[in-house]
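The values are calculated or read from the model by the stated rules, or taken from the named source; none is laboratory data. These numbers come from a predicted model, not from an experiment. FYI the Cβ positions are ideal-geometry reconstructions off the backbone, even for glycines, and counts take in every protein chain you see.
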């Protein structure tokens, strides 16, 4: 079988390398989160709740792009550890408002500290300026992708990243 010539293709492809680094970050992150009783999805939910000052369960499900039933399970995990608190919305008794507790904020801070060490380990070959450049480039790619997706789907009113 003859191979097809590659024309006008860049010498370096990023996909496999990004996947490799993401896997290293993910595995190390999971290993430092486990002793804290957290999984990555817990961390994301806690971060969203901290950054928003709370959320309805429905809005949280939308932000996390998770089915409502799965969000209930996730919140059950966090509530059992007293990291979040759910209560009925005073404006609409059919809705639950979810808020980060003081214990949740402390656990999140510990997790973020541990994850910073993981990032230092995985990205240790880069100096501060290189890391800032990497972050800016990744943010540019991520934001550009989000903006394109939002234009195509036309749901920017609902999706916070847009």
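Is at least one residue of segment 89-97 in contact with a helix residue (DSSP H, G or I) (Cβ under 9 Å, 6 or more places away or on another chain), surrounded by 17 or more Cβ atoms within 10 Å (Cβ to Cβ) and modelled with pLDDT of 95 or more? Please lay out each step first, then the result.
Within segment 89-97, the first condition is being in contact with a helix residue (DSSP H, G or I) (Cβ under 9 Å, 6 or more places away or on another chain), and the residues that meet it are 95-97.
Subsequent filtering for residues that are surrounded by 17 or more Cβ atoms within 10 Å (Cβ to Cβ) retains 96-97.
Going one step further and asking which of them are modelled with pLDDT of 95 or more, we end up with none.
Looking for residues that are in contact with a helix residue (DSSP H, G or I) (Cβ under 9 Å, 6 or more places away or on another chain), surrounded by 17 or more Cβ atoms within 10 Å (Cβ to Cβ) and modelled with pLDDT of 95 or more, one finds none in segment 89-97, hence no.
To keep it simple, each residue is scored yes or no on (1) part of a helix (DSSP H, G or I); (2) at pLDDT below 90; (3) touching a helix residue (DSSP H, G or I) at 6+ places or on another chain (Cβ under 7 Å); (4) in the same structural domain as residue 142 (by TED's automatic domain parsing).
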position	(1), (2), (3), (4)
20	yes, no, no, no
61	yes, no, yes, no
74	yes, no, yes, no
99	no, no, yes, no
111	yes, no, yes, no
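Only one residue in 39, 24 is under 13 Å from the mean Cα position of the chain (by Cα) and in the same structural domain as residue 117 (by TED's automatic domain parsing). Which one?
The unique qualifying residue is 39.
Looking at residue 79, is it in a helix (DSSP H, G or I), in the same structural domain as residue 23 (by TED's automatic domain parsing) and over 18 Å from the mean Cα position of the chain (by Cα)?
So residue 79 fits the description; yes.
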